[in-house]
1. Which of the following residues is under 30 Å from L216 (Cα atoms) and in contact (Cβ under 8 Å) with a residue 40 or more places away in the chain: A90, A98, A125?
2. Does segment 239-261 include one or more residues that are farther than 19 Å from I147 by Cα and either surrounded by 14 or more Cβ atoms within 10 Å (Cβ to Cβ) or hydroxyl-bearing (S, T, Y) (or both)?
3. List, please: which pairs have Cβ atoms under 6 Å, are six or more places apart or on different chains, and start with a residue in segment 302-322 that is part of a helix (DSSP H, G or I) and end with one that is open to solvent by less than 10 Å² (accessible area, probe 1.4 Å) and of a type in the set (S, T, N, Q)?
4. Determine the pairs where a residue that is touching a residue at least 60 places away in the same chain (Cβ under 8 Å), located within segment 169-181, has a partner that is in a helix (DSSP H, G or I) with Cβ atoms under 7 Å apart, the partner being 6 or more residues away or on another chain.
5. Do the conditions hold for F51, that is, is it touching a residue at least 24 places away in the same chain (Cβ under 8 Å) and in contact with a strand residue (DSSP E or B) (Cβ under 6 Å, 6 or more places away or on another chain)?
6. May I ask you to say which residue of L173, L233, L190, L221 is within 27 Å of W119 (Cα to Cα) and surrounded by fewer than 20 Cβ atoms within 10 Å (Cβ to Cβ)?
7. I'm trying to understand the selection: among the residues of segment 285-298, which are out of contact with any Gly (no Cβ under 8 Å at 6 or more places or on another chain) and either part of a loop (DSSP other than H, G, I, E, B) or of a type outside the set (A, V, I, L, M) (or both)?
8. I'd like the full set of residues that are in contact (Cβ under 8 Å) with a residue 40 or more places away in the chain, assigned to a helix (DSSP H, G or I) and not aliphatic (A, V, I, L, M), limited to segment 128-154.
Amino acid sequence: MYNVAIVGATGNVGRKFIEILEERNFPIGELYLFASKKSANKKLTFKGKDFIVEELCDDNINNKNIDFALFSAGGNISLDYAPKFSKIGAVVIDNSSAWRMNKEVPLVVPEVNPEDVKWNKGIIANPNCSTIQAVVALKPLYDKYGIKRIIYSTYQAVSGAGLQAILDLEEGLKGVPPKKFPYPIAGNVLAHIDIFMDNGYTKEEMKMIEETKKILHDDSLKITATTVRVPVLNSHSESINVELKSNFDIKDIFNLYNNFKGITLYDDINNLKYPTPLYCSDKDDVYVGRIRRDFSLDNGLNLWVVADNLRKGAALNAIQIAELLIKNN
């Protein structure tokens, strides 16, 4: 049995951690829940038992024996506390962007680069939600054909931006002005996720570009991205255009996806079957559909990729990393 700490337990992803740990019957000995001082002493339920949320502070962690610490409390908290948990013997699996591009920290999607967990030094980074589902869909193509270029266009749900973003959508439908977003999200589309960088891209777009290269261990990849927030409650959608290095038969692409763990092929245009955010919510797999050749270039391919951003895009991926570590132990 393993002692597990959840840091940021009262947030959207923190609660999803608890739900998925229970669903998957993760072998838990002791469960410790941490959050800010404001959320301390709240009660959360796991397997029918109430647990008191503790304030995240040095005194509350130094006396505990923790095997895994699942973090979803923001980058500054991760930078401060991930080394402290690691120092007391825990493996930290962090959902923030704080450690993702650190060369000493593996960035892991279990279906894509499971071998990278072996060189962790006490901290493993969970990729960005939009990157996770993209690289799962790209991995079988990369292995069989090689990839020259990727064009990402994302349609990202408000749940990825937290509780206030969800409220902006729900209240915005009643005409209430937004508090999280710079413009109304209800009935609107915002081509702006995270801050703008000096190069004109947003931070979210640069995350997808840089993280894809790190996960696939390939700095030669040519990648561009446009990330967009849409008035959808949950599950991110992505149009991915790929230029492969070698020729392909479209039937072989379908066979690849039919036999790749973690992917559900959902593509039957004769019966109007393709992935949608509503269909993919609360499901573990990455769903791939609308597979078709891009006739505008040699070896071009179009994909439509949808996944639950709070599950596979965050909590589930982190828990799968912990399961992978147990399996390799």
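The values are calculated or read from the model by the stated rules, or taken from the named source; none is laboratory data. Just so we're clear, the structure is a prediction, and the values are computed from it rather than from any experiment. Because the Cβ atoms are built from the backbone with ideal geometry, glycine has one as well, and the counts that use them run over all protein chains shown. With ligands, DNA and RNA removed, areas are computed over all heavy atoms of the protein, side chains included. Shrake-Rupley method; radii C 1.70, N 1.55, O 1.52, S 1.80 Å.
1. A90
2. No, segment 239-261 contains no residue that is farther than 19 Å from I147 by Cα and either surrounded by 14 or more Cβ atoms within 10 Å (Cβ to Cβ) or hydroxyl-bearing (S, T, Y) (or both).
3. N317/N126; A318/N126
4. Taking only residues 6 or more apart or on different chains, the pairs are L169/V158.
5. no
6. L221
7. Y287, G289, R290, R292, F295, S296, L297, D298
8. The answer is C129, S130, T131, Q133, K139, P140, Y142, K144, Y145.
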